[in-house]
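Engineer: Mind having a look at this structure? Questions to follow.
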Amino acid sequence: MPEDSLITEELKQLVGQNSETLTFSVDKQWVRRFAEAIDYPEPVWQEEYSQNANYDGVVVPPTFLCALRNDNLRKKLHDMPHPLRTMVNGSSELVFNKPVRVGDEISVTDTLVNVTVQERKKGKMLVLTNQVSYTNQHGEVVALGHNTALRF
Amino acid sequence: MPLQPYWDDITEGQELPVLVKQPSTQQIAKFAGASGEFAKIHYDKDFAINSGLPGVIAHGWLTFSFMTNAVTGWMGKQGMLKKIGVSYRGVHPAGEDIYCKAKVTKKYAANNEHLVELEIWTENSKGQRTVPGSAIVALPVKN
């Protein structure tokens with residue numbers, strides 16, 4: 001299958017575009033539930049714990065950010081007509097600038113930054129790279145996510 | 001509670017304590033609820049098997065979370081996770097062991113921070129590397 005039939009016009013037009021931004025309230029019970037689901041070793045969602053540990057406010061487990069899901073871009077990609085139908089996560093990365101705390105309002109924007117075609121044993125594979133920005137209520141970018149999705 | 005590691009004491013090649021996890025279908029379901037990731041391969045056994053998998057599998061982000069726990073649990077309260085990333089090369093079926101391993105690859109100072117770079121990875125019970133990655137943490141220094 002030639003490359004340009006995989007990197008469709010519709011896909012090209014999505015590259016560089018920001019998704020609609022979604023804003024989430026970082027709720028204590030939600031953080032607790034997430035921390036319990038991943039067996040997070042410390043009760044970081046408890047004020048008493050954070051004070052004793054000298055944290056400046058109640059922080060969240062680092063991967064809690066994945067729960068702040070902005071699926072707008074993902075849904076667009078999923079619904080787009082394309083010859084390759086299977087889509088799986090290829091990689092995930094989080095870069096932290098500031099701690100995320102219970103009570104924060106985090107705005108999440110997802111951007112498709114790059115689309116490439118790679119050869120694999122069973123044929124060609126599309127690699128979709130996106131960047132997710134997490135911005136708090138003070139306008140500070142607290143973290144960036146870099147993910148790839150594989151389509152084959 | 002493990003002792004706080006100090007940057008001064010870290011040596012390149014040093015290995016971190018191994019964290020062994022064995023996510024049950026219940027834990028995977030709890031993670032689906034808490035994260036909002038409801039792909040069927042994580043809770044519908046028939047669907048997973050029809051998709052060519054041995055059964056329901058742990059979410060990539062659940063495995064990534066375990067790997068993060070191995071790092072944050074080691075770096076202590078004065079440690080700061082700066083960056084962590086992984087590639088999903090293999091899957092982890094429910095009920096099977098996941099070994100979360102890590103090793104120091106580099107120790108350096110930059111921008112007034114004392115940093116340690118880690119190679120992180122998971123192995124399944126057959127010893128196959130399933131999810132390789134890396135992390136950077138800042139550690140405190142002794143006075």
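Engineer: Only residues that are under 18 Å from A:Tyr40 (Cα atoms) and either touching a Lys or Arg at 6+ places or on another chain (Cβ under 9 Å) or acidic (Asp, Glu) (or both): list them for region B:68-100, please.
Structural biologist: Hits for region B:68-100 are B:Asn69, B:Ala70, B:Asp97, B:Ile98, B:Tyr99, B:Cys100.
Engineer: So which residues in region A:54-72 are open to solvent by 10 Å² or more (accessible area, probe 1.4 Å) and hydrophobic (A, V, I, L, M, F, W, C), if there are any at all?
Structural biologist: Listed by number, the residues that qualify are A:Val58, A:Val59, A:Val60, A:Cys66.
Engineer: Being surrounded by fewer than 18 Cβ atoms within 10 Å (Cβ to Cβ) and hydrophobic (A, V, I, L, M, F, W, C) is the filter here; which residues of region B:90-103 pass it?
Structural biologist: Within region B:90-103, no residue meets the criteria.
Engineer: Just one of (1) within 13 Å of chain A (Cβ to nearest Cβ); (2) at positive phi trips up B:Ser51, so point out which.
Structural biologist: Just one mismatch for B:Ser51, condition (2).
Engineer: Sticking with this one: Within region A:126-139, identify whether any single residue is touching a strand residue (DSSP E or B) at 6+ places or on another chain (Cβ under 6 Å), open to solvent by less than 60 Å² (accessible area, probe 1.4 Å) and assigned to a loop (DSSP other than H, G, I, E, B), and answer yes or no.
Structural biologist: Quick first cut of region A:126-139, residues touching a strand residue (DSSP E or B) at 6+ places or on another chain (Cβ under 6 Å) only: A:126-137.
Next, from what is left, pick out any that are open to solvent by less than 60 Å² (accessible area, probe 1.4 Å): A:126-130, A:132-136.
Next, only the ones that are assigned to a loop (DSSP other than H, G, I, E, B) stay: A:136.
For region A:126-139, residues touching a strand residue (DSSP E or B) at 6+ places or on another chain (Cβ under 6 Å), open to solvent by less than 60 Å² (accessible area, probe 1.4 Å) and assigned to a loop (DSSP other than H, G, I, E, B): present.
Engineer: With more than 26 Å from B:Gln26 (Cα to Cα), among the β-branched types (Val, Ile, Thr) and surrounded by fewer than 16 Cβ atoms within 10 Å (Cβ to Cβ) as the only criterion, which of B:Val116, B:Val141 stands out?
Structural biologist: On inspection, the qualifying residue turns out to be B:Val141.
Engineer: Inspect all residues belonging to region B:102-115 and state whether any of them is within 21 Å of A:Pro99 (Cβ to Cβ) and either charged (D, E, K, R) or in contact with a helix residue (DSSP H, G or I) (Cβ under 6 Å, 6 or more places away or on another chain) (or both).
Structural biologist: Yes - at least one qualifying residue is present in region B:102-115.
Engineer: Please return the ranges of helices (runs of 4 or more DSSP H) entirely within region B:1-89 where 3 or more residues are open to solvent by less than 20 Å² (accessible area, probe 1.4 Å).
Structural biologist: Because the criterion is at least 3 residues that are open to solvent by less than 20 Å² (accessible area, probe 1.4 Å), the helices (runs of 4 or more DSSP H) in region B:1-89 that meet it are B:25-35, B:60-75.
The values are calculated or read from the model by the stated rules, or taken from the named source; none is laboratory data. Treat the numbers as computed from the prediction; the structure is a model and nothing was measured. Cβ atoms come from the backbone with ideal geometry, glycine included; neighbour counts cover every protein chain shown. The protein model used for the area step is the full one, side chains on, heavy atoms only, and it has no ligands, DNA or RNA in it. Shrake-Rupley method; radii C 1.70, N 1.55, O 1.52, S 1.80 Å.
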